[in-house]
Structures are given as structure tokens and as C-alpha cells.
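Following: one structure in C-alpha cells, then a few remarks.
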Amino acid sequence: MENLERILSEHPFLAGMDTKHIQLLVGCASNVVFQKGEFIFREGESADAFYFIRHGKVAVETYIPQKGPIMIRSRSEGEIFGWSWLVPPYRWHFDARALELTRAVALDGKCLRGKCEEDHDLGYEIMKRFALIIAERLEATRLQLMDIYGDGPKK
Amino acid sequence: MAMARKSKANKIGRDNPMLVFPFTVARVIRESHDTFSLELESRNRRREFSFVPGQFNMLYVYGIGEVPISISGDPNRSKVLVHTTREVGTVTRAIRKLKVGDTIGVRGPYGRGWPIEKAHGHDVVLVTGGIGLAPLRPVIYCLLSNREKYGKIVLLYGARTPEDILYRKDLERWRSRFDLETYLTVDRATGAWHGNVGVVTSLIGRSSFDPFHCVAMACGPEIMMRFTMLELQKRGVEDARMFVSMERSMKCGIGLCGHCQIGSTFVCKDGPVYSYNSVRNIFMKREM
Ligand SMILES: Cc1cc2nc3c(=O)[nH]c(=O)nc-3n(C[C@H](O)[C@H](O)[C@H](O)COP(=O)(O)OP(=O)(O)OC[C@H]3O[C@@H](n4cnc5c(N)ncnc54)[C@H](O)[C@@H]3O)c2cc1C
Ligand code: FES
């Protein structure tokens, strides 16, 4: 527990958060390990956690019939991923697969939602931080959609 | 060093900057499905070609037309002139059709290059996307051949897909060095790719340079550079320490015709490399 508290309090995502709130988060946290190639979650499954990556790399993918899995984004050490636990209907929109041995801290979404309901200050702190992440992902997705490097020669 | 050397060719070039010199294609390198590099040698074997990283030449395909293309080779190898071109239209398509032994006209080098000396004693961050790696490759050669003069060197490179990644051999070499932090990312990939996926700007937060003592150079599509500047600002890099390379269509290449003019600046003569604080307003203007 002490170790988890240290990991969470040192993570930039939680920078500036009250110790009492960090301790509440620790109550929902656990260490997890994923082997290379292992699916962490799959599209459509219930979204019951988000993850702080301690080591390793994770691919966020979607499956396109006839094309197979397409990697949309990768996440690596120091980054967090998964925010579907926060918005109904709490289902994953993509697959996540470990590209290499990955160690992470998982925060149980159901447990966290309960704590945020009980303590709105904690809820606000969490929302503020996730709003930043969601805005950043939206911006990145827009850039990706623009296909800024062009589509090859014009014949 | 070649850069400082005053070759005969450049003396001639200075006296009459519009003179076109014939060069022979010595080697063609396929970089990706639409991008290729040409190694050119002067018809006059003794002639050397010196340039500052970031400068460009006007390449003339006889009977077709002329286009500005950055010099992408090593400034220390002054006998070989290298250009990397992406095929987009009439002239670049004609350049692609050239074979070993064919002739191409070259005039230049033109423009102001990257602030390599300003970066002495500082960390250097290079953010580049797509064909934008070409004008920055000479910078990397230069930084690595004077490695002791710089702090950390970080290269962030984004491509559309893994198949579009340029200069694979160079990248392999650079990635294996301990004194160069290299990150690659692609916008999309299939299952076989185990590297990063996401826009190049997302790598900025991950790299470990000192934002208060660094010089940043960005080259790529203008929208990519805009977002790069925003990300670097978020990290605390001052506008005056961020540099971008601008692209505008050109005719004369030497500040005479006004084709490349934006506001009061001529990209061919005052650029193509600018400090961000001097072009911030241009970047934000929509009609540009
Ligand atoms: C200073 C400077 C340095 C440059 N360095 C390089 C370089 O190192 N390598 C390189 O490949 N290109 C470089 N360019 C861009 C290059 O000059 C243009 O791609 C070229 O002029 C296009 O000529 P074209 O006759 O083949 O295409 P055109 O027939 O003029 O255009 C055909 C189509 O391509 C589009 N197009 C034109 N220019 C560009 C462009 N820059 N990017 C994307 N689409 C374009 C046009 O809108 C049009 O739809 C540089 C430009 C400048 C100003
Ligand atoms: S191209 Fe003629 S002034 Fe710049």
C-alpha cells in the first residue's frame, strides 16, 4: 500500500492532489502485470479500470474487417490510459494490448466512481485531470484525421 | 570544414546567383513509395558544394521546370549534393524519372539555414514530420560531428505509416547512439508495428530536454509546426528559441520576383528558417 501511495503521489497526473485524496485512490488501486501480446481489455467489454503504466508499452487498437487490427495510439511508461470507466455506459471503445511486458497500476473504476460520488472534492479533482487528458486526445485525434502528411502523389 | 570552405562554385554562384550548373545523377535512393533521394555530382569533378543546413537549391529539369528543394545531405561531404524529394506534381514527377547518369540543373544554395551556432551549449530539440526530416538531416549530421558543443539532443519524428518512414539506415544508427534521444511515431499502423502510434507532438511531453536551455527546430506541414509550437510553449520554451522552416512557392529564389513574399518577408531570402517569434503572426493568419 505504501508503495502504491508513493507511485501515485509521484505521478504527474496526480501532481498537487491532497494526500487524503491520494489515500482514497490507493484504496481502489492494485499492481498489475501484462505479458507481451496479452489483451488488457477488448472493445465492448465493461470498462472497469484505468491504468498508470510503470514499464512497458500498450497499443490501443480497433479491428477493421478485412484489414485486421489497426493501432490508433500507443501508450508507454509514465502515461495513463483508459477513460471509458468515467462515462456511461462504461464500456471500452477500443482494444488494448501489451506490446511488451507491461507493469501498471490499475485503478478500479467502480470503486473510484463510488468514492467520487461520496466525496465531490475528489470527484472534481479527478474530472479536472481527465478533462485535460480527453482534450489532449481529441486534439491528437483531429491531427491524425487531417492526415497532415498527405496522401501521396497526385497522378 | 566544408561549410566554411569557399568553393569556386560558390564564388561563381555569388557573382551571378541565377546561373544554373549541370549536375549528374550519381545515385537514386528509394526512401518510400513516393519519396526518393538523389545523390548529385557536379559535372566539373573538382567542384565542391558547400551549404548551411536548412538551405535549398532550385532544381531544374530541362524542358519541364524548376522547384525549390532543401539540401538533405551531410555538409561535411561536399563532393556529393543530396536532395530528397516527394513526388507531388509536374516537376517533382519529372525529377523522379531521372536515372543514374542523367543531368539536372542546380542553382543555389539559397536562403538562411538553421541556427546551429546559436544552439552551442544548449539542448537541441528537433521536431519533424513527413518530408520535413529532409531539411533537418544536415542539422543532425552537423550536431553529431560536433557533439561536445551541445547538451542533450532530442529527435522526434512522425510519419504517416511505418512504410513512410524516411532514412531508415540513418534512423537505426541514430537510435543506437546513447548521446542522441530518438523517438519515432506514426499516425497509424497495423499489428506488425511495435513502435509508437500517435501524432509527433505527443512525443514532446515524453522527451527529457531542458525547456529553459534549449533551441528547438521544427520542420514539417505547417499545421504540425503550429501544434509543435504550442506544445513547446506548454513545456516553457521561449518563442525566440523555437525555429521553423516555411514553404512558399518560388520562382527566382533570390528575393527579386516577390513570389514567395509573406507580409514584409521573402521566404527565399529571409527564410526559409525563421525564429517563431518573427513569424508567429503569419502562422496564425488563415488566408496564408
Ligand atoms: C524552401 C523550400 C524547400 C523545399 N524542400 C523540399 C524538399 O526538400 N523536398 C520536397 O519534396 N519538397 C520540398 N519543397 C516543396 C517543393 O518545392 C514542392 O513540392 C514542389 O515545388 C512541387 O512542384 P511540382 O511541380 O512537383 O508540383 P505542382 O505541379 O506545382 O503541384 C502539384 C500538386 O502538389 C501540391 N503541392 C505543391 N507543393 C506542395 C508541397 N510543398 N507539399 C505538398 N503538396 C504540394 C499542389 O498544391 C498541387 O496540388 C520545398 C519548398 C520550399 C519552398
Ligand atoms: S522566389 Fe522570387 S522573391 Fe522569393
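Just to be sure, is B:Met229 within 14 Å of chain A (Cβ to nearest Cβ), within 16 Å of ligand 1 (Cβ to nearest atom) and farther than 23 Å from B:Gly108 by Cβ?
Here the answer is no, as B:Met229 does not meet what is asked.
Of the set (1) more than 14 Å from chain A (Cβ to nearest Cβ); (2) touching a helix residue (DSSP H, G or I) at 6+ places or on another chain (Cβ under 8 Å); (3) without any contact (Cβ under 8 Å) to a residue 60 or more places away in the chain, all apply to B:Phe178 but (2).
Can you tell me how many residues within segment A:116-127 are of a type outside the set (Phe, Trp, Tyr) and surrounded by fewer than 17 Cβ atoms within 10 Å (Cβ to Cβ)? Don't jump to the end; show me each part of the working.
First, the residues of segment A:116-127 that are of a type outside the set (Phe, Trp, Tyr): A:116-123, A:125-127.
Now drop any that are not surrounded by fewer than 17 Cβ atoms within 10 Å (Cβ to Cβ), which leaves A:117-121, A:123, A:127.
So the count comes out to 7.
Just to be sure I understand, how many residues within segment B:215-273 are assigned to a helix (DSSP H, G or I) and of a type in the set (A, V, I, L, M)? Quick ask: steps written out before the conclusion?
First, pick out the residues of segment B:215-273 that are assigned to a helix (DSSP H, G or I): B:222-235, B:239-241, B:267-270.
With of a type in the set (A, V, I, L, M) added as a condition, the list becomes B:223-225, B:229-230, B:232, B:240, B:267.
Residues in segment B:215-273 being assigned to a helix (DSSP H, G or I) and of a type in the set (A, V, I, L, M): 8 in total.
Considering the conditions (1) within 16 Å of ligand 1 (Cβ to nearest atom); (2) more than 14 Å from chain A (Cβ to nearest Cβ); (3) small (Gly, Ala, Ser), B:Ser264 is excluded by exactly one of them, (1). If the condition is being more than 16 Å from ligand 2 (Cβ to nearest atom), touching a Phe, Trp or Tyr at 6+ places or on another chain (Cβ under 9 Å) and of a type in the set (Gly, Ala, Ser), then segment B:55-77 contributes B:Ser72, B:Gly73. Can you say whether B:Cys214 is touching a residue at least 60 places away in the same chain (Cβ under 8 Å), more than 10 Å from every other protein chain (Cβ to nearest Cβ), closer than 13 Å to B:Gly129 by Cβ and away from ligand 2 (no atom under 16 Å from the Cβ), as far as the supplied structure shows? It is false that B:Cys214 is touching a residue at least 60 places away in the same chain (Cβ under 8 Å), more than 10 Å from every other protein chain (Cβ to nearest Cβ), closer than 13 Å to B:Gly129 by Cβ and away from ligand 2 (no atom under 16 Å from the Cβ).
Out of the residues in segment A:38-84 that are part of a loop (DSSP other than H, G, I, E, B) and within 10 Å of another protein chain (Cβ to nearest Cβ), which is surrounded by the most Cβ atoms within 10 Å (Cβ to Cβ)?
First, the residues of segment A:38-84 that are part of a loop (DSSP other than H, G, I, E, B): A:38, A:42-45, A:47-48, A:56, A:65-67, A:77-79, A:82-83.
Of the ones still in play, those that are also within 10 Å of another protein chain (Cβ to nearest Cβ) are A:67, A:77-79.
Working: A:Lys67: 9, A:Glu77: 14, A:Gly78: 14, A:Glu79: 21.
In this case the residue turns out to be A:Glu79.
Could you tell me whether segment A:92-105 includes any residue that is charged (D, E, K, R), more than 13 Å from every other protein chain (Cβ to nearest Cβ) and over 12 Å from the mean Cα position of the chain (by Cα)? For segment A:92-105, residues charged (D, E, K, R), more than 13 Å from every other protein chain (Cβ to nearest Cβ) and over 12 Å from the mean Cα position of the chain (by Cα): present. Among the residues in segment B:244-254, are any at pLDDT 90 or above and more than 16 Å from ligand 2 (Cβ to nearest atom)? Checked segment B:244-254: at least one residue is at pLDDT 90 or above and more than 16 Å from ligand 2 (Cβ to nearest atom). All conditions but one from (1) within 16 Å of ligand 2 (Cβ to nearest atom); (2) closer than 28 Å to B:Glu163 by Cα; (3) among the acidic types (Asp, Glu); (4) at pLDDT 90 or above apply to B:Asp270; the one that does not is (2). Consider B:Asp270 against the criteria (1) within 16 Å of ligand 1 (Cβ to nearest atom); (2) within 14 Å of chain A (Cβ to nearest Cβ): it satisfies all of them except one. Which criterion is unmet? Of everything listed in (1) within 16 Å of ligand 1 (Cβ to nearest atom); (2) within 14 Å of chain A (Cβ to nearest Cβ), B:Asp270 misses just condition (2). If you go through segment B:245-267 one residue at a time, do you hit one that is touching a helix residue (DSSP H, G or I) at 6+ places or on another chain (Cβ under 8 Å), hydroxyl-bearing (Ser, Thr, Tyr), over 22 Å from B:Gly130 (Cβ atoms) and not assigned by TED's automatic domain parsing to the domain that holds B:Pro17? There is at least one residue in segment B:245-267 that is touching a helix residue (DSSP H, G or I) at 6+ places or on another chain (Cβ under 8 Å), hydroxyl-bearing (Ser, Thr, Tyr), over 22 Å from B:Gly130 (Cβ atoms) and not assigned by TED's automatic domain parsing to the domain that holds B:Pro17.
The values are calculated or read from the model by the stated rules, or taken from the named source; none is laboratory data. Source: prediction; values computed, not measured. Virtual Cβ from ideal backbone geometry, glycine too; neighbours counted across all protein chains shown.
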